[in-house]
């Protein structure tokens with residue numbers, strides 16, 4: 001099932017709200033004036049718990065901008081931001097928005113994890129074999145336990161889409177694409193390709209039709 005343009009726009013609003021809130025909490029934590037909220041987020045509470053929504057103060061989701069979220073969308077958005085914030089608090093990693101020079105998207109980060117921890121590849125497979133946040137989040141916590149930075153706002157974006165019909169497949173495809181691309185970039189070229197090209201009996205690779 002295709003994710004609609006409206007859903008994609010809502011997910012971007014979730015990402016913006018999550019980024020604003022996480023930057024604020026992170027600054028306050030680093031200044032030593034915010035310890036209570038991270039401790040609360042580390043408690044074993046469901047991300048749709050209204051206590052967490054209230055403590056996170058997700059007022060940024062309530063705006064009069066065009067395309068404002070309806071009540072159902074707001075519930076998904078609040079759950080996604082809370083789940084991402086819980087992941088931030090659990091890992092104690094830095095929230096760092098992804099950039100070209102410092103890619104911190106989920107799939108790209110996983111490529112670095114599997115390079116250091118090969119069994120993480122199997123953990124990712126198990127995470128992708130889920131279709132609810134309730135099943136997904138514990139597996140993500142296991143995957144991300146050793147990271148030092150991640151774009152948690154982009155994770156909130158993805159977790160919002162995950163809750164939609166067809167969302168797990170769509171998000172999973174995006175994660176695997178980023179993961180595979182990043183792994184390929186990390187893998188040094190070997191001499192196999194040079195050997196094959198020098199071998200007169202080797203068959204040329206077919207050209208891509210895409």
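The number of residues in the stretch 49-86 being part of a loop (DSSP other than H, G, I, E, B) and modelled with pLDDT under 95 comes to 11. When residue 157 is tested against the conditions (1) in a loop (DSSP other than H, G, I, E, B); (2) modelled with pLDDT of 95 or more, the lone failure is (1). Looking at the stretch 126-150, which of its residues are part of a loop (DSSP other than H, G, I, E, B), within 13 Å of the chain's Cα centre (by Cα) and closer than 20 Å to residue 43 by Cβ? Within the stretch 126-150, just 144 meets the criteria.
Of all residues assigned to the stretch 62-81, none qualifies as being surrounded by 13 or more Cβ atoms within 10 Å (Cβ to Cβ), within 19 Å of residue 26 (Cα to Cα) and in contact with a strand residue (DSSP E or B) (Cβ under 6 Å, 6 or more places away or on another chain). Criterion first (at pLDDT 95 or above and crowded, with 18+ Cβ neighbours inside 10 Å) does residue 89 satisfy it? Answer is yes for this residue. Screening residue 107 with (1) within 11 Å of the chain's Cα centre (by Cα); (2) under 18 Å from residue 9 (Cα atoms) gives one miss only, at (2).
Of the residues that make up the stretch 102-116, is at least one part of a loop (DSSP other than H, G, I, E, B) and more than 23 Å from residue 16 (Cβ to Cβ)? Checked the stretch 102-116: no residue is part of a loop (DSSP other than H, G, I, E, B) and more than 23 Å from residue 16 (Cβ to Cβ). Scanning the stretch 41-48 turns up at least one residue that is modelled with pLDDT under 95, in a loop (DSSP other than H, G, I, E, B) and loosely packed, with under 11 Cβ neighbours inside 10 Å.
The values are calculated or read from the model by the stated rules, or taken from the named source; none is laboratory data. If you're wondering where the values come from, they're calculated on a predicted model, not measured in any experiment. Methodologically, a virtual Cβ is constructed for each residue, glycine included, from the backbone with ideal geometry; neighbour enumeration extends over all protein chains shown.
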